[in-house]
């Protein structure tokens, strides 16, 4: 909770200064609207939160700005609640998790952290280096595999779909709990690359008719409304089951989770609040709302 609070301080500062006054009036709501929009909460979610907050203030007969802040935390928690869902492993052997994301979002690093998280919970993991377009990606994933002492399936310059197929087949044969497939980083505007992702998904299904069991998108919390656009595009192409939101430490745009909850409520399995292996935290709506509002 302390790491989360520290990470979200930049986002929260802009919002919490609104409540330093002595009166609850239209000026307070206007300032709050500006602060929420600045935090990339988005127009729809901001409107929803303000309407909800006015109703709560009326019902609670609140007279102090500090009380309004507590009611805003409640409103934000309720809005974010649908995003709170645990990642379930064990219903399938292996559980095949496909991970996508644009370059620079922290995708490969998140896979390394997720591998550690799963290992800490007693799961055996096999990594698939299906990001064959970027030369450094395979080496980067290899470093995480070594660090986490897990096996990795990769081919030099191989076809990403073929690498994915081999990894799922190997995961089944070796009795692994989880197969994590790192797919190429790409922008949703690159249509041929989005089609490549769809192909990887189809080929995984050929290796295991029930897979992929999870399709995760890694998004950079710093990119604000652009992150929401990525969620929409990747969800349309791949039917996402969950998100990992990275780099929330030190961003002023942490409100984007509210925008996602309002417009495309894909569950947030994990949030990243630092560079360390253990800095991948399970998303909790109440904790997030309270940390955001200091």
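The values are calculated or read from the model by the stated rules, or taken from the named source; none is laboratory data. On a predicted model such as this, the values are computed, not experimentally measured, just so you know. Cβ coordinates were reconstructed from backbone atoms using ideal geometry, including for glycine residues, and neighbour counts include every protein chain displayed.
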With the requirement that a residue be within 27 Å of residue 274 (Cβ to Cβ), touching a helix residue (DSSP H, G or I) at 6+ places or on another chain (Cβ under 8 Å) and buried (at least 16 other Cβ atoms within 10 Å of the Cβ), what does segment 9-24 give you? 11, 12, 14, 15, 16
Among the residues of segment 208-223, write down those that are farther than 17 Å from residue 83 by Cα and in contact (Cβ under 8 Å) with a residue 24 or more places away in the chain. 208, 210, 211, 212, 213, 222, 223
Out of the helices (runs of 4 or more DSSP H) lying entirely within segment 114-209, which hold 3 or more residues that are modelled with pLDDT of 90 or more? 160-173, 191-207
Just one of the numbered conditions (1) surrounded by 15 or more Cβ atoms within 10 Å (Cβ to Cβ); (2) under 29 Å from residue 279 (Cα atoms) is not true of residue 67; which one? (2)
Criterion (modelled with pLDDT under 90 and farther than 19 Å from residue 215 by Cβ) met by exactly one of 280, 248: 248
Could you tell me whether any residue of segment 154-166 is in contact (Cβ under 8 Å) with a residue 60 or more places away in the chain and crowded, with 19+ Cβ neighbours inside 10 Å? yes
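On the basis of being in contact with a helix residue (DSSP H, G or I) (Cβ under 9 Å, 6 or more places away or on another chain), surrounded by fewer than 19 Cβ atoms within 10 Å (Cβ to Cβ) and either over 14 Å from residue 208 (Cβ atoms) or touching a residue at least 12 places away in the same chain (Cβ under 8 Å) (or both), does residue 139 make the cut?
Values: in contact with a helix residue (DSSP H, G or I) (Cβ under 9 Å, 6 or more places away or on another chain): no; surrounded by fewer than 19 Cβ atoms within 10 Å (Cβ to Cβ): yes; either over 14 Å from residue 208 (Cβ atoms) or touching a residue at least 12 places away in the same chain (Cβ under 8 Å) (or both): yes.
No.
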In segment 254-294, anything in contact with a strand residue (DSSP E or B) (Cβ under 7 Å, 6 or more places away or on another chain) and in a loop (DSSP other than H, G, I, E, B) is listed as 266, 267, 273, 279, 283, 284
In segment 65-108, which residue that is in contact with a helix residue (DSSP H, G or I) (Cβ under 6 Å, 6 or more places away or on another chain) and in a loop (DSSP other than H, G, I, E, B) is nearest to residue 265 (Cα to Cα)? 101
Which of the helices (runs of 4 or more DSSP H) contained wholly in segment 1-59 include at least 2 residues that are in contact with a strand residue (DSSP E or B) (Cβ under 8 Å, 6 or more places away or on another chain) and within 15 Å of residue 76 (Cα to Cα)? none
Among 256, 231, which is the only one that is free of Cβ contacts under 8 Å to residues at least 60 places away in the same chain, under 19 Å from residue 44 (Cβ atoms) and touching a helix residue (DSSP H, G or I) at 6+ places or on another chain (Cβ under 7 Å)? 231
